[in-house]
Amino acid sequence: MNILVCISKTPDTTSKISFKNNDTEFNAEGITFILNPYDEWYALVRALELVESGGGKVTVLNMGDATNDMIIRKALALGAHEAVRIDGDPADAFTVADNIAAYCKTQMPDAIFLGKETIDFNGSEVGPMLAELLDIPFISYVNHLEQSNGSTQLTREIEGGTETCEVAGPFVLSAAKGLAEQRIPNMKGIMMAKTKPLQVIPALSGTARVTASRFTLPPAKSGVRLVSPDNMDELVRLLHEEAKVI
Amino acid sequence: MSVLVYIESPEGKIKKSGHEVATYAAKTAQILGTEAIGLLIGQAENAAQLGEYGLGRILQIHPSENPDFDAKSWAKLISEVALAQNASVVILTHSANGKSMAGRIAVRLEAGCISGASSLPDPGTSFAVSKSVFSGKAKVNYQIQTSTKVISLMGNTLQPEKTGGPGTVEVLDKKLDTPSVKVVSRQTSTGIVPLPEAELVVSAGRGLKGPENWGIIEDLAQSLGATTACSRPVADSGWRPHHEHVGQTGVAIRPNLYIAAGISGAIQHLAGVNNSKVIVVINKDPEAPFFKAADFGVIGDAFEVVPRLTAAIRKFKQG
Ligand SMILES: Cc1cc2nc3c(=O)[nH]c(=O)nc-3n(C[C@H](O)[C@H](O)[C@H](O)COP(=O)(O)OP(=O)(O)OC[C@H]3O[C@@H](n4cnc5c(N)ncnc54)[C@H](O)[C@@H]3O)c2cc1C
Ligand SMILES: Nc1ncnc2c1ncn2[C@@H]1O[C@H](COP(=O)(O)O)[C@@H](O)[C@H]1O
């Protein structure tokens, strides 16, 4: 099976977030970027496992500029066979999906794995858009996947539980926690990654449908009010009378 | 022109999140000076009551069945209704199913899409909607540049508001396509409000020492009618089920009240909970970073404080 894993670059989870140019742009200064955890830990690792047991290859794809090559090399070090970078600005979810769809139309994979969301813009939008552009099924937030006799059984997270479904033929999934266990790249993987093919292709021209006009940071908390551990009646009173949440 | 809102009716029941999107759609329609139309797929108890939230008309497809969900065929059907109703805005719940369809519908309608919106559109300059980004560490105002817009609404963004009497339900003679995936089974816990929808959440971390100690957390949750949650290491160690893990890599929640016992308040944990309206932190370490993000704090041993709080709540509830 040939699996395409779409990977993105996000600020490290401990990053302190700030903005520039009148709060219209993310301030990347001093930020360490990482491979988006959902893409790396779950989507990529499950794709590698499937290919390790059933044959085929894993291609990783990213849309972005050359500064993204470091997260692409990380994915190759973890075991992906080859990589594609669509050289362009991932301006909004549609732009990304449109470009990935155009690539897939030239080289249709058997399955396409994405992360559940990017931890910066928290969209969960690229997957469903890509599936629609390719006119194939989409299964969201998959935390378990098995294959037998040409069909795939997937378990997806829904409110308050899970749903298990079956799909035949190519599909797009978004990966959630549980789909696989995080792997750490080893020295051999890191060395081999340097020689694996990374194809750079031009992006389509297009305009973003959604633009960010202003970022804001949440108002700082006015400070914690401490309540004595011996006086829980007082805490209940505060929650009821002042905070009005119970 | 119109605003079309798809209202989920899992197992034939419309939930509070359904009333929230109905209210949101009615208010959006008012801002745009047009009408809000509700759409149901499958059975729905008390469908006409949706009119009370300000929906001018309620359309229903497959009124006597409970069809299984499939993003592809459902999104196609909703898009077709949107086109037939000349909808300029399509609104969905930001749920597992809503998220799976928003992007698909946006592609079909050549629309811009905002998932997880947390404000009404600002009609001022351009259609601007805000949402939480960077896992709750910031907010952004997005402008949608296309004439048709697709929005999925974050839960607890606004309270359902009744403004009128019941509406009339019109059954549409349309059908879902053959599904592209086959649902084999569904496992849901009944009776407990799922975390993303919960208004009250009681959560605990490694400070609780082991799964055998969760009884006091469950008692507190029960006294409030709250849903339980946990920090990541707790789920990773198998002390609690994965779906209870909140934070940057777990579920992001925005309840009215979040009570955290024995959780240090690491930045990745805060990322999933800092949109809570009120945060109460119980920790024996006065230096725990969580106190900086809390509204109310109790410095003390969770094993003593939590049962005391439960007793105080029971006493308060009895009145
Ligand atoms: C990429 C990445 C993603 C992550 N994503 C998440 C995420 O989504 N969610 C998440 O939660 N974490 C996440 N983490 C982990 C996070 O960094 C912290 O390690 C984790 O949140 C700590 O969990 P904890 O507070 O339960 O445990 P600890 O940090 O061990 O804290 C336990 C706390 O309990 C207190 N305590 C101990 N005994 C008592 C007592 N008797 N009474 C009261 N208090 C007591 C201690 O003072 C301490 O503050 C992530 C980490 C990484 C690197
Ligand atoms: N620039 C990108 N290049 C390749 N894949 C991406 C890109 N942005 C997002 N994705 C994929 O789409 C998923 C969901 O992203 P989003 O819809 O932005 O939350 C991510 O987890 C990635 O798998």
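The values are calculated or read from the model by the stated rules, or taken from the named source; none is laboratory data. Worth saying up front: this structure is predicted, and the values here are computed from it rather than measured. Cβ coordinates were reconstructed from backbone atoms using ideal geometry, including for glycine residues, and neighbour counts include every protein chain displayed. Heavy atoms of the whole protein, side chains included, go into the accessibility calculation; ligands, DNA and RNA do not. Shrake-Rupley method; radii C 1.70, N 1.55, O 1.52, S 1.80 Å.
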Self-check item: Under 16 Å from the Cα of B:Lys317 - lysines, other chains or at least 8 residues apart
Solution: A:Lys244
Practice problem: For chain A, give the magnitude of the charge dipole about the Cα centre (Cβ charges: +1 Lys/Arg, -1 Asp/Glu; no others), in debye to the nearest 20. | Solution: 700 debye
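Please report the antiparallel percentage of the DSSP beta bridges confined to segment B:2-172, to the nearest 5. Could you put the intermediate results ahead of the total?
Details: 8 of 35 bridges.
Beta bridges within segment B:2-172, antiparallel portion: roughly 25 percent.
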Practice problem: Rank B:Ala198, B:Gly51, B:Ala261 by how far each Cα sits towards the positive end of the charge dipole of chain B (+1 on Lys, Arg Cβ; -1 on Asp, Glu Cβ) and give me just the farthest. | Solution: B:Ala261
Self-check item: Flagged links, alpha-carbon separation over 31 Å, of A:Lys16/B:Lys76; A:Lys188/B:Lys139; A:Lys74/B:Lys284; A:Lys9/B:Lys139; B:Lys13/B:Lys99; A:Lys20/B:Lys292
Solution: A:Lys16/B:Lys76; A:Lys188/B:Lys139; A:Lys74/B:Lys284
Quiz item: Of all DSSP beta bridges in chain A, what percent run antiparallel (nearest 5)?
Solution: 40 percent
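By average Cβ neighbour count within 10 Å, what is the ranking of B:145-151, B:169-175, A:61-67, B:243-249 from highest down?
On the way: B:145-151: 22.3, B:169-175: 12.6, A:61-67: 18.7, B:243-249: 24.0.
Per-residue mean Cβ counts within 10 Å order the peptides as B:243-249, B:145-151, A:61-67, B:169-175.
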Practice problem: With r as the distance between the Cβ atoms of A:Asn22 and B:Asp177 and R0 = 60 Å, compute the FRET efficiency 1/(1 + (r/R0)^6) and round to 0.05. | Solution: 0.80
Quiz prompt | Between segment A:1-72 and segment A:198-246, the Cα center-to-center distance that results, in Å | solution = 25 Å
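Over chain B, what is the percentage of antiparallel beta bridges among all DSSP beta bridges, to the nearest 5? Write down the numbers at each step before the final one.
On the way: 8 of 55 bridges.
Expressed as a percentage, antiparallel bridges in chain B total about 15.
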Quiz item: Mind checking which aspartates and glutamates have their C-alpha under 14 Å from B:Lys27, skipping anything on the same chain fewer than 8 residues away?
Solution: B:Glu35, B:Glu52, B:Asp122, B:Glu161
Quiz prompt | Helix B:71-84 vs. chain B, principal-axis angle (Cα, 0 to 90°, nearest 10) | solution = 50 degrees
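How many Å² of accessible surface get buried when B and A come together, counting both sides, probe radius 1.4 Å, rounded to the nearest 100?
Adding both sides of the contact gives about 6800 Å².
Treat every Asp and Glu Cβ in segment A:58-108 as -1 and every Lys and Arg Cβ as +1, leave all other atoms uncharged, and give the resulting dipole magnitude about the Cα centre to the nearest 20 debye.
Working: 4 positive and 7 negative charges, 51 e Å.
The dipole magnitude comes to about 240 debye.
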Quiz item: Relative to the longest principal axis of chain A, what angle (0 to 90°, nearest 10) does the C-alpha long axis of helix A:93-106 take?
Solution: 20 degrees
Exercise. Return the single residue from B:Ile105, B:Ile267, B:Ile114 with maximal mean-square fluctuation; model: Gaussian network over chain B, springs between Cα atoms under 10 Å.
Key: B:Ile267
Quiz item: Taking a threshold of 31 Å on the Cα-Cα distance, which of the pairs B:Lys15/B:Lys175; B:Lys175/B:Lys277; A:Lys105/A:Lys194 fall above it?
Solution: B:Lys175/B:Lys277
Quiz item: Going toward the positive end of the dipole of the protein assembly as shown, with +1 on Lys and Arg Cβ and -1 on Asp and Glu Cβ, which of B:Ala71, A:Phe215, B:Tyr24 do you reach last?
Solution: A:Phe215
Exercise. Report the accessible area of B:Tyr258, computed with a 1.4 Å probe over the heavy atoms of all protein chains in place, in Å² rounded to the nearest 10.
Key: 0 Å²
Exercise. Rank A:Thr155, A:Val172, A:Pro229 by how far each Cα sits towards the positive end of the charge dipole of chain A (+1 on Lys, Arg Cβ; -1 on Asp, Glu Cβ) and give me just the farthest.
Key: A:Val172
Exercise. Residues in segment B:142-174, backbone N under 20 Å from the label point at B:Glu80 (7 Å along the Cα-to-beta-carbon vector): list them, ranges by number please.
Key: B:170-174
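Calculated FRET efficiency, B:Glu11 and B:Glu110, Cβ-Cβ r, R0 41 Å, to nearest 0.05? Please list the in-between numbers first.
Details: r = 34 Å, r/R0 = 0.82.
Given R0 = 41 Å and the Cβ-Cβ separation, E is 0.75.
Only Lys, Arg, Asp and Glu count, each charged at its Cβ (+1, +1, -1, -1), so figure out the dipole size of the protein assembly as shown about its Cα centre, rounded to 20 debye.
On the way: 53 positive and 60 negative charges, 122 e Å.
Using Cβ point charges on Lys, Arg, Asp and Glu, the protein assembly as shown gives about 580 debye.
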Exercise. Return one number: the angle in degrees, 0 to 90 and rounded to the nearest 10, between the long axis of the Cα atoms of helix A:45-54 and the longest principal axis of the Cα atoms of chain A.
Key: 30 degrees
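Roll a 1.4 angstrom probe over the protein heavy atoms and tell me the percent of accessible area of chain B that is carbon or sulfur.
Values: 6000 of 12220 Å².
Within chain B, the accessible surface is 49 percent carbon and sulfur.
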Quiz item: Where Lys and Arg each count +1 and Asp and Glu each count -1, what net charge lies around B:Leu50 among other residues with Cβ under 14 Å from its Cβ?
Solution: -2
Exercise. Over the alpha-carbon set of the protein assembly as shown, divide Rg by the Kirkwood Rh and report the Rg/Rh ratio to two decimals.
Key: 0.96
Practice problem: Mark the label point 7 Å from the Cα of A:Met108 along Cα→Cβ and return the residues of segment B:177-198 whose backbone N is within less than 17 Å of it. | Solution: B:180-181
